[in-house]
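Mind having a look at this structure? Questions to follow.
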Amino acid sequence: MELAVQIGQSVLNSLAYLGSLATLTARAGYYTVIAPFQGKPVRFQRAITQAMQVGVRCIPILSLITFFIGLILALQAAYELKKFGAINFVASAVAISMSRELGPLITAVVVIGRSGSSFAAEIGTMKVTEELDALETMAINPVQFLVTPKFIAMAVMLPCLTIWANAMGVLGGSIFGVTKAGFTFTSYINATTDALFLRDIVSGLIKSFMFGLTITAVGCQEGLTTGAGAEQVGRSTTSAVVVSIFLVILVDLVFTAIFYFLGGQ
């Protein structure tokens, strides 16, 4: 009986947490779409600053990781494909794997480590030092001032980073294709473009957009609910990373299933 109570309480807590994420996202959406027509302009300068931190500064590490992942994919695919004399399909395997799944997912994980955790740490520190209370005292809504620019930056930059990650993965795969699979660089790129359909690219970008909203919602929510004390900031940051990864995988599963049943996969 006690076990059933604990399970039920965990389910209720999880649903309440998802509800708080949805509420925060809806409030950020309000300040992005509706509030500007009510005399509450979007702080685009802060959004641009966040976009630089989230996107541009993430490019070097993301490029390195996805380049090697593309190379690893080519090696793994070639290991099996050469058994069937189909090593010429290496380019197709790398392109489809990166655009549909690994490009958006690896990008999200890298951004979680860099930006999702920093969102929680930044807002959590402001909560502990009572800066959020000071903003409210000055009639500045913390969601409008702090959270909305982060949502805008992530919604724009994560799909852009995903496109870049896909390109670097293809480039990494081309190293193996040119050196071991009998491709020239031009023929490898041609094989890649022939293998990809618009739905492959669009499905990955839709996932990356949803990943961006999820990462921002979790990071900001953890920051806003940080308890008193410096130790709680660390806990909120850790929780933001763990929960973000779990929810990103869950969102990935849901949208992959949707695209599959709609015929997109």
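Go through the range 158-185 and count every residue that is modelled with pLDDT of 90 or more and either closer than 22 Å to M52 by Cβ or polar (S, T, N, Q) (or both).
Residues that pass the stated criteria total 12.
Determine whether the range 134-141 contains at least one residue that is β-branched (V, I, T) and at pLDDT 90 or above.
No, every residue in the range 134-141 fails to be β-branched (V, I, T) and at pLDDT 90 or above.
If you go through the range 176-192 one residue at a time, how many are within 21 Å of E101 (Cα to Cα) and touching a helix residue (DSSP H, G or I) at 6+ places or on another chain (Cβ under 6 Å)?
So the answer is 5.
Is at least one residue of the range 246-261 modelled with pLDDT under 90, over 19 Å from I69 (Cα atoms), surrounded by fewer than 18 Cβ atoms within 10 Å (Cβ to Cβ) and among the small types (G, A, S)?
no
Is there any pair with a first residue in the range 52-65 that is part of a helix (DSSP H, G or I) and a second that is hydroxyl-bearing (S, T, Y) and surrounded by 13 or more Cβ atoms within 10 Å (Cβ to Cβ) whose Cβ atoms are under 6 Å apart and which are 6 or more apart or on different chains, and what are they?
Sorted first by the residue in the range 52-65, then by its partner, the pairs are V54/S115.
If you check L224, L198, L135, which single one turns out to be more than 24 Å from G103 (Cα to Cα), without any contact (Cβ under 8 Å) to a residue 24 or more places away in the chain and not charged (D, E, K, R)?
Working: L224 fails: without any contact (Cβ under 8 Å) to a residue 24 or more places away in the chain; L198 fails: more than 24 Å from G103 (Cα to Cα).
Of L224, L198, L135, the one residue that is more than 24 Å from G103 (Cα to Cα), without any contact (Cβ under 8 Å) to a residue 24 or more places away in the chain and not charged (D, E, K, R) is L135.
Filter the range 82-103 for residues that are buried (at least 24 other Cβ atoms within 10 Å of the Cβ) and modelled with pLDDT under 90; which is nearest to G212 (Cα to Cα)? Show your work before the answer.
Going through the range 82-103, the residues buried (at least 24 other Cβ atoms within 10 Å of the Cβ) turn out to be 90-91, 94-95, 98-99, 103.
Remaining after also requiring modelled with pLDDT under 90: 90-91.
Numbers: V90: 30, A91: 28 Å.
The residue in question is A91.
Follow-up. Among the residues of the range 64-80, are any within 18 Å of the chain's Cα centre (by Cα) and either of a type in the set (D, E) or over 30 Å from T184 (Cβ atoms) (or both)?
The answer is no; no qualifying residue exists.
The values are calculated or read from the model by the stated rules, or taken from the named source; none is laboratory data. Here the structure is a predicted model, which means the values were calculated and not measured. Because the Cβ atoms are built from the backbone with ideal geometry, glycine has one as well, and the counts that use them run over all protein chains shown.
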